[in-house]
Amino acid sequence: MNAPVTSFAPDADNTRLLRDAFGRFATGVTVVTAMSEDGPVGITANSFTSVSLDPPMVLWSPSKTSRRFPYFDTAQHYAIHVLGADQEALCWGFAKDAFALKDIEHDISAEGVPLLRNTLARFECKQSAKFEGGDHRIILGEVIRAEMREGDGLAFFGGKHGVFTQA
């Protein structure tokens, strides 16, 4: 059976509809960390994608309206952590508090970036370029180090968390 279809032209009066449509795309969940003049900071993000293998590059897109935006817009080094299914608490912790690292054991990279432990994957990046993207900034990073482990992935779909399981 086909569900009813909602068609619309996105505009300033129906941003909720557009957000809901974007939410139909299942993604993984990441936490991006950086060092700032106020200490280690982090933010939950699902706007992450691989870009290139040679050179190794990824991108993510923080909202310009976020209070955390200045920290990440100016960070020359940062780390993107792909969360496992068992790390939903980390997701919510960073969604609520930029300074959640104060209560979490973590390491510090050679570049001074806070690194979460035991995530499914981690990409330590050097900022390569920034691009305007409407109410977001597109940040392109060169991956200088990476690590990964086996496990199921934390998923985000339709405003809810779920699990991607390995077959």
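With 60, 92 as the choices, which residue is open to solvent by 80 Å² or more (accessible area, probe 1.4 Å) and either modelled with pLDDT of 95 or more or within 13 Å of the chain's Cα centre (by Cα) (or both)?
Result: 92 is the single residue among 60, 92 that is open to solvent by 80 Å² or more (accessible area, probe 1.4 Å) and either modelled with pLDDT of 95 or more or within 13 Å of the chain's Cα centre (by Cα) (or both).
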For residues that are within 14 Å of residue 75 (Cβ to Cβ), touching a Leu at 6+ places or on another chain (Cβ under 8 Å) and either among the aromatic types (Phe, Trp, Tyr) or open to solvent by 50 Å² or more (accessible area, probe 1.4 Å) (or both), tally how many sit in the range 123-147.
2
Which numbered condition residue 159 fails, given (1) open to solvent by 40 Å² or more (accessible area, probe 1.4 Å); (2) among the small types (Gly, Ala, Ser); (3) on the phi < 0 side of the Ramachandran plot
(3)
Scan the range 100-122 for residues that are over 26 Å from residue 52 (Cα atoms), part of a loop (DSSP other than H, G, I, E, B) and open to solvent by less than 70 Å² (accessible area, probe 1.4 Å) and jot them down.
104, 106
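Mind listing whichever residues of the range 69-87 are surrounded by 16 or more Cβ atoms within 10 Å (Cβ to Cβ) and either at pLDDT below 95 or more than 19 Å from residue 111 (Cβ to Cβ) (or both)?
Result: 82, 83, 84, 85, 87.
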Scanning the range 24-57 residue by residue, the ones that are more than 19 Å from residue 94 (Cβ to Cβ), assigned to a strand (DSSP E or B), of a type in the set (A, V, I, L, M, F, W, C) and open to solvent by 60 Å² or more (accessible area, probe 1.4 Å) total 2
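Within the range 77-84, can one find any residue that is more than 17 Å from the chain's Cα centre (by Cα) and either touching a residue at least 12 places away in the same chain (Cβ under 8 Å) or assigned to a helix (DSSP H, G or I) (or both)? Break it down into steps so the answer makes sense when it comes.
If we filter the range 77-84 for residues that are more than 17 Å from the chain's Cα centre (by Cα), which is where we start, we get none.
No, the range 77-84 contains no residue that is more than 17 Å from the chain's Cα centre (by Cα) and either touching a residue at least 12 places away in the same chain (Cβ under 8 Å) or assigned to a helix (DSSP H, G or I) (or both).
The values are calculated or read from the model by the stated rules, or taken from the named source; none is laboratory data. Note that the structure is predicted; figures quoted are calculated from it, not measured. Positions of Cβ are backbone-derived with ideal geometry, glycine not excepted, and every protein chain shown enters the neighbour counts. Note: accessible area is taken over every heavy atom of the protein model, side chains too, but ligands, DNA and RNA are not part of it. Shrake-Rupley method; radii C 1.70, N 1.55, O 1.52, S 1.80 Å.
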